[in-house]
1. Pick out the one residue from Leu375, Leu342 that is modelled with pLDDT of 80 or more, in the same structural domain as Gln425 (by TED's automatic domain parsing) and more than 16 Å from the ligand (Cβ to nearest atom).
2. More than 16 Å from the ligand (Cβ to nearest atom), touching a residue at least 40 places away in the same chain (Cβ under 8 Å) and not acidic (Asp, Glu), is that true of Gly107?
3. Looking at Gln139, Gln146 in this structure, which one is within 11 Å of the ligand (Cβ to nearest atom), of a type in the set (S, T, N, Q), closer than 27 Å to Asp234 by Cα and modelled with pLDDT of 90 or more?
4. Quick one: Phe51 ticks every box in (1) among the aromatic types (Phe, Trp, Tyr); (2) within 16 Å of the ligand (Cβ to nearest atom); (3) over 30 Å from Ala223 (Cβ atoms) bar one, so which box is it?
5. Suppose the filter is of a type in the set (S, T, N, Q), modelled with pLDDT of 80 or more, surrounded by fewer than 20 Cβ atoms within 10 Å (Cβ to Cβ) and under 21 Å from the mean Cα position of the chain (by Cα); does Ser225 pass it?
6. Answer yes or no as to whether Ala121 is at pLDDT 95 or above and within 16 Å of the ligand (Cβ to nearest atom).
7. Inside region 33-47, can you point out the residues that are in a helix (DSSP H, G or I), among the aliphatic types (A, V, I, L, M), in contact (Cβ under 8 Å) with a residue 40 or more places away in the chain and under 11 Å from Gly268 (Cα atoms)?
8. Mind counting the residues in region 7-32 that are among the charged types (D, E, K, R) and touching a residue at least 60 places away in the same chain (Cβ under 8 Å)?
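The values are calculated or read from the model by the stated rules, or taken from the named source; none is laboratory data. Keep in mind that what you see is a predicted model, and the values were worked out from it rather than measured. Cβ placement follows ideal geometry from the backbone for every residue including glycine, while neighbour counts extend to all protein chains displayed.
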Amino acid sequence: MFESLSDRLTGALKDLRGKGRLSPADIDATARQIRLALLEADVALPVVRGFVARIKERAKGAEVSAALNPAQQVVKIVNEELVGILGGQTRRLQFAKTPPTVIMLAGLQGSGKTTLAGKLALWLREQGHTPLLVACDLQRPGAVSQLQIVGERAGAAVFAPHPGTSVGGAGGVPITVDDPVLVARAGIDEARRKQYDVLIVDTAGRLGIDAELMGQAAAIRDAVSPDEILFVLDAMVGQDAVATAEAFRDGVGFTGVVLTKLDGDARGGAALSVREVTGTPIMFASSGEKLEDFDVFHPDRMAGRILGMGDVLTLIEQAEQVYDEQQAEEAARKIGTGELTLEDFLEQMMAIRKMGPIGNLLGMLPGAGQMKEALAQVDDRQLDRVQAIIRGMTPAERANPKIINASRRLRIANGSGVSVSEVNQLVDRFFEARKMMAQMGRQMGLPGARRNNA
Ligand code: GDP
């Protein structure tokens with residue numbers, strides 16, 4: 001799921017890399033590519049329109065973070081907007097104050113309701129609940145026995161009348177088993193009697209939306225007053241998803257959406273549209289036929305997955321956290337004028353290292369998978385030594401490394417527990433790097449360098 005969308009979005013954002021500043025034309029071009037990517041992924045048109053308009057607006061606006069370059073800023077904006085259309089915060093299941101909590105499942109036939117009932121039961125059991133599955137899909141042949149099978153696999157009890165027998169209603173009144181409303185009610189009684197704390201009510205679906213289906217689901221709803229009604233949506237159905245979701249919203253109503261079959265290779269637009277169109281959050285995601293292929297839906301993680309940016313987003317957040325604007329501006333100015341000192345270098349290095357071990361930071365970059373060997377050679381201990389050497393210098397030496405003559409080098413080496421050649425290497429490399437950075441600074445138009453040229 002989302003593979004081609006992911007490819008196209010990352011492609012659009014990649015084009016921005018290395019740009020020092022984004023022109024309105026750059027932003028328009030990127031917005032166009034994002035729009036195409038979403039449309040191609042089957043995202044509903046009104047959702048695409050809103051999304052792209054917000055991205056453009058924000059990218060053009062003054063929302064400039066000094067910690068990030070323009071490309072990173074756009075990645076951040078796209079990510080935030082993706083999280084937004086996926087629902088923002090993770091929405092947790094609401095439990096009733098007095099058990100049993102009643103969760104009703106609704107959706108088209110084949111959307112994955114029965115499978116979901118088992119997944120949800122297993123998940124709830126893992127959280128210490130005792131769920132009871134209630135078989136109210138009495139239409140689809142085999143639905144009851146299918147629920148019994150998934151219930152058994154999930155280690156959860158199933159309340160399912162055998163066809164042709166009657167189940168005891170409240171007060172022992174016999175009820176006919178072909179009436180799902182009565183089965184649902186009897187299920188609640190059973191849960192109360194046997195102290196199950198969550199009731200999961202599986203209902204019948206049809207291949208398409210029809211009035212009878214909606215009527216029956218609404219009747220079950222009225223009979224059991226669910227705490228949650230989960231609309232189960234097959235993420236593979238494409239554009240139809242929106243119409244189906246709207247029909248269930250109007251016919252039955254629901255408090256949350258469960259996306260199923262996220263493991264499929266469809267384009268995934270349904271997933272991206274349903275929250276925005278129905279205004280109801282996605283609560284769970286199912287991504288396979290096994291009961292374990294199931295989890296709470298986290299909008300932020302899903303957005304990260306769609307953007308396919310590894311942990312680059314985490315990196316962006318961390319950069320913003322440790323970033324000291326004044327310090328960085330000063331460093332940029334000094335780089336441009338060739339005034340950078342070892343003191344500045346130490347400060348910058350320490351700021352970067354606040355974000356964690358260097359190997360980890362590099363590992364968060366996309367494509368890091370192929371850089372494993374190189375990463376293995378990045379050794380934090382080497383950086384510790386560099387830090388120790390600089391710390392062994394006097395303030396005067398850090399500010400003006402040119403005064404570091406042979407006798408000073410010997411003293412620094414002894415003081416920081418390294419060899420003289422390591423000190424030599426550091427100082428020589430520093431001069432080289434400073435020269436190179438000043439040249440680059442002039443090319444990139446850093447503030448100090450511009451002034452120098454003026
Ligand atoms: P129901 O008619 O809504 O109860 O749907 P079912 O639970 O019977 O599911 C229909 C089919 O979809 C079954 O073959 C399930 O094994 C399959 N299925 C359900 N959820 C998933 C999922 O997340 N991924 C995949 N690949 N298949 C699923």
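1. Numbers: Leu375 fails: modelled with pLDDT of 80 or more.
Only one candidate passes the filter, namely Leu342.
2. So Gly107 fails the test.
3. Values: Gln139 fails: modelled with pLDDT of 90 or more.
Among Gln139, Gln146, only Gln146 is within 11 Å of the ligand (Cβ to nearest atom), of a type in the set (S, T, N, Q), closer than 27 Å to Asp234 by Cα and modelled with pLDDT of 90 or more.
4. It is condition (2) that Phe51 fails.
5. Taking the combined requirement at face value, the residue does not satisfy it.
6. yes
7. Once the filter is applied, which keeps residues that are in a helix (DSSP H, G or I), among the aliphatic types (A, V, I, L, M), in contact (Cβ under 8 Å) with a residue 40 or more places away in the chain and under 11 Å from Gly268 (Cα atoms), region 33-47 yields only Leu38.
8. Residues that pass the stated criteria total 1.
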